[in-house]
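First the structure, in the form of structure tokens, and then the observations on it.
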Amino acid sequence: MINLGVAAHSEPTTGLMDKARRFVSSLPSDEARLMLGGYWGAMAYVADAARERGIEVVFVLPHDPPVIPPRGRGLVSIDTGMDFKGRSVILVRSSDALAALGGESGTMLEVLMAYSMGIPSVVLRSGMPSDTLERLGSGGGRVDSRDGPAISFVDTPEELARKSLEAARHGRQI
């Protein structure tokens, strides 16, 4: 089972909500377990779509999350006792790959954290601030001289699902 981390904006647009559902619809229901940092914004749409398809969801929660995730079969909540940035370390470190649906500084932090940990990450070009990650460095998805997996960028939620799973299957470098 692949632990697929998902980074997403906490206050999504209607377009991002649709992309979240399309992303989850493109995942095989028996191959991935989704790791989410909470149950609000686009993360809630990802979680709800995954639940409908029978995909397991693990919520890696900050201390005092603004919304408590639902309980039930296939839903696991981990209370980290940490702030939002601290819980991101656990979320990313526990993921075989990170799929970023689009967001702001929190999403960008998680993508850069994955890069620095040698965990492959794939970013959806979403029209959100996380798109600026593509401009970092000299191109090719490399932010610095690290030899781990480069950050990849895609144009559709379906590509995000496919490429994230491929990256997770290929393995991470620590």
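Here are some notes:
- In plain terms, if you count all Cα to Cα distances in region 10-67 and split them into 5 Å steps from zero, the share in each step is 4, 21, 30, 24, 15, 5, 1 percent.
- Sulfur and carbon atoms: percent of accessible area, region 51-165 [1.4 Å]: 51
- Low-density loop positions, GluC sites (Glu not before Pro), region 68-174 - DSSP coil, at most 16 other Cβ in 10 Å: GLU104
- Over the chain, accessible surface divided per residue gives 46 Å², non-protein components excluded, 1.4 Å probe.
- Angle between the chain longest axis and helix 84-93 axis [Cα atoms, degrees, rounded to 10]: 70
- Helix-derived mean residue ellipticity, 222 nm - over the chain, DSSP H n ≥ 4, -39500 (n - 2.57), to 500: -11000 deg cm²/dmol
- Acute angle (nearest 10 degrees) that the helix 105-117 long axis makes with the longest principal axis of the chain, alpha-carbon atoms: 60
- Normalising the average separation of contacting C-alpha pairs (under 8 angstrom, six or more residues apart) by the number of residues puts the relative contact order of the chain at 24 percent.
- Longest to shortest principal axis, alpha-carbon extents of region 12-144, angstrom: 45, 31, 27
The values are calculated or read from the model by the stated rules, or taken from the named source; none is laboratory data. Source: prediction; values computed, not measured. A quick note on method: Cβ atoms are made from the backbone with ideal geometry, for glycine too, and the neighbour counts reach across all protein chains shown. When the accessible area is computed, the model is the full protein with side chains, heavy atoms only, and any ligands, DNA or RNA have been set aside. Shrake-Rupley method; radii C 1.70, N 1.55, O 1.52, S 1.80 Å.
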